[in-house]
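Comments concern the structure below.
The values are calculated or read from the model by the stated rules, or taken from the named source; none is laboratory data. Remember, it's a predicted structure, so these values are computed and weren't measured experimentally. Using ideal geometry, Cβ is built from the backbone for each residue, glycine included, and neighbour counts are taken over all protein chains shown. Side chains included, ligands, DNA and RNA excluded: accessible areas come from the protein's heavy atoms. Shrake-Rupley method; radii C 1.70, N 1.55, O 1.52, S 1.80 Å.
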Amino acid sequence: MNKEIIPILIIGAGPAGMTAAIYLSRANATFKIVDKYAPGGKMNITQHVENYPGIETISGPDLAFKMFEQLRSLGIEVGYADVNKITKEDDYFVIHSDEETLYAKAVIVATGTQERKLKIPGEARYTGKGVSYCAICDGNLYKNDAIMIIGAGNSAIEEALFVSKIVKHVHIVHRNERFRADESLVNELKAMPNVTFHLNYIPVEILGDTKGVTSVAIKNVIDGTDKVIEVKAVFPFVGSDASADFLSEFDVRDDKGFVLVNEEMMTSVAGLFSIGDVNQKVLRQIVTATNDGAIAALAANRFVKRK
Ligand SMILES: Cc1cc2nc3c(=O)[nH]c(=O)nc-3n(C[C@H](O)[C@H](O)[C@H](O)COP(=O)(O)OP(=O)(O)OC[C@H]3O[C@@H](n4cnc5c(N)ncnc54)[C@H](O)[C@@H]3O)c2cc1C
């Protein structure tokens with residue numbers, strides 16, 4: 001079989017992957033970029049971006065679209081692939097997805113993170129029927145209802161603030177009394193008249209009927225008491241995990257699953273680069289993702305030219 005070996009394949013078209021594509025295109029490199037969803041990554045579920053230099057304020061989807069338009073103006077197309085495994089043969093990588101098998105001399109992984117599951121009864125059953133991991137996307141469906149947000153990090157509080165302006169009531173459930181989110185956001189949320197905090201509580205079961213979620217049972221972690229809160233939707237924001245299970249063939253991840261790279265964004269496997277939120281790093285933001293993308297693009301281009 002005559003297989004086409006792509007010089008460089010970028011997996012993931014969030015800000016990290018799209019930046020790598022822009023830099024590769026401007027370096028006249030031959031490459032492909034693929035994603036399993038629409039380009040934009042997490043920017044598509046971000047309400048406002050107000051910390052990207054040069055742009056005072058913009059909605060996440062608008063910033064995603066601007067980056068995508070820049071790709072299109074350079075003639076770059078984003079292909080579809082849901083990558084489930086990468087292996088190495090001789091001096092090239094084999095990228096497996098349900099749709100097709102791709103071959104590349106260098107791979108840039110830019111697959112970000114995915115929301116962590118609660119792993120409680122009812123969660124899987126009611127996912128898509130009231131359980132959602134994006135309040136900004138689905139909050140509008142519950143305008144006349146009470147909903148529950150689980151967690152107290154930046155994502156949880158930001159999404160709670162957004163959704164509190166749309167829905168009837170927001171219940172926040174958090175396992176202790178410490179908030180990991182920015183203080184200004186927490187104070188803004190505390191001032192909302194339709195928000196109730198259930199601190200020192202954890203969710204134990206999501207209950208529902210044939211139509212969807214009807215309530216959530218929560219337990220007090222200090223005195224062990226239970227209560228049931230009537231809500232039509234539950235939005236868990238309890239952290240996120242690296243989307244990198246497809247790298248299981250390689251020993252390139254830390255004990256939490258995040259990818260380890262050197263200053264050129266290359267892993268310990270020659271030709272395997274990784275950028276953005278999927279990496280072990282101290283700050284997961286659009287600006288740090290784009291930074292990684294620029295560095296990896298030029299390093300990957302140097303790598304394939306040397307071969
Ligand atoms: C609610 C929220 C608000 C935020 N607000 C801000 C903010 O105001 N400012 C800021 O700077 N940052 C913000 N962030 C963080 C920022 O969005 C991320 O740091 C950034 O998007 C990371 O970029 P990335 O390209 O590494 O990953 P992502 O944006 O997650 O993109 C990864 C892409 O890879 C694709 N992918 C994943 N797995 C596969 C696979 N197996 N095969 C093919 N494709 C795959 C995904 O579909 C996705 O398109 C926010 C995040 C959230 C969740």
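Quick notes on this structure:
- Whole-Hz couplings from phi, Karplus 6.51/-1.76/1.60, listed for the range 133-140; x for Gly and Pro: 9, 8, 5, 5, 6, 10, x, 4
- Computed over neighbours whose Cβ is under 13 Å from that of K165, the net charge equals -1, Lys and Arg +1, Asp and Glu -1.
- Grouping the Cα pair distances of the range 254-298 into 5 Å bins from zero gives a pair-distance distribution of 5, 25, 34, 24, 9, 2 percent in increasing distance order.
- Positive-end residue of M18, S248, I6, charge dipole of the chain with Cβ unit charges: M18
- Nearest-ten-degree value, helix 15-26 long axis tilted from longest Cα axis of the chain: 20
- Compactness index (Cα Rg / 2.2 N^0.38 Å), the range 1-47: 1.33
- Cα-centred dipole magnitude for the range 183-307, charges only on beta-carbon of K, R (+1) and D, E (-1), debye, nearest 20: 460
- Computed FRET value (nearest 0.05) for E50 with N176, which takes r as the C-beta separation and R₀ as 30 Å: 0.60
- Greater than 26 Å apart at Cα, pairs in K36/K305; K88/K305; K3/K281; K129/K227; K36/K165; K36/K66: K36/K305; K3/K281; K36/K165
- Helix 286-306 and the longest principal axis of the C-alpha atoms of the chain enclose an angle of approximately 20°.
- For the range 42-53, Karplus couplings with θ = phi - 60° (6.51, -1.76, 1.60), whole Hz, Gly/Pro x: 5, 4, 5, 10, 9, 5, 10, 10, 10, 9, 9, x
- Difference of contour (0.36 nm per residue) and Cα-Cα distance, K305 to K165: 45.1 nm
- About the centre of its Cα atoms, the range 135-236 shows a dipole size close to 120 debye [charges on the beta carbon of Lys, Arg (+1) and Asp, Glu (-1) only; nearest 20 debye].
- I6 accessible area, assembled protein chains, probe 1.4 Å, Å²: 10
- The translational diffusion coefficient of the range 207-307, from Stokes-Einstein at 20 °C and 1.002 mPa s with a Kirkwood hydrodynamic radius over alpha carbon pairs, comes to 126 µm²/s.
- Residues whose placed amide H lies under 5 Å from that of I6, excluding near-sequence neighbours: Y103, A104, K105
- Evaluated at q = 0.14, 0.16, 0.17, 0.20 Å⁻¹, a Debye calculation over the C-alpha positions of the range 1-143 (equal weights, vacuum) places log10 I(q)/I(0) at -0.79, -0.95, -1.02, -1.20.
- Projected area, mean over directions - the range 123-180, Cα convex hull, nm²: 3.9
- Global geometry of the range 135-236, whether rounded, prolate or oblate, following the gyration tensor of its Cα atoms and the 1.5 cut on a/c: oblate
- In this calculation the C-beta distance from Q70 to D90 is compared with R0 = 35 Å, giving a FRET efficiency of 0.50.
- Loop-located chymotrypsin sites (Phe, Trp or Tyr not before Pro) in the range 17-81 (DSSP state not H, G, I, E or B) with no more than 13 neighbouring Cβ atoms inside 10 Å: Y37.
- Computed from point charges on the beta carbon alone (+1 for Lys and Arg, -1 for Asp and Glu), the dipole magnitude for the chain about its Cα centre is near 120 Debye.
- Rounded to the nearest 0.05, the FRET efficiency derived from the C-beta distance between Q280 and V221 at R0 = 30 Å is 0.50.
- Share of pairwise Cα separations in the chain, more than 35 Å, in percent: 28
- Placing unit charges on the Cβ atoms of the charged side chains and taking the dipole of the range 135-236 about its Cα centre, the candidate lying farthest along the positive direction among V167, L185, A152 is V167.
- For the range 77-85, 3J(HN,Hα) per residue [Karplus equation, 6.51 cos²θ - 1.76 cosθ + 1.60, θ = phi - 60°, Hz, x = Gly/Pro]: 9, 9, x, 9, 6, 9, 6, 10, 6
- Here the range 154-168 is scanned for amide nitrogen atoms under 20 Å from the site 7 Å beyond the Cα of V287 along Cα-to-Cβ, giving 154-155, 158.
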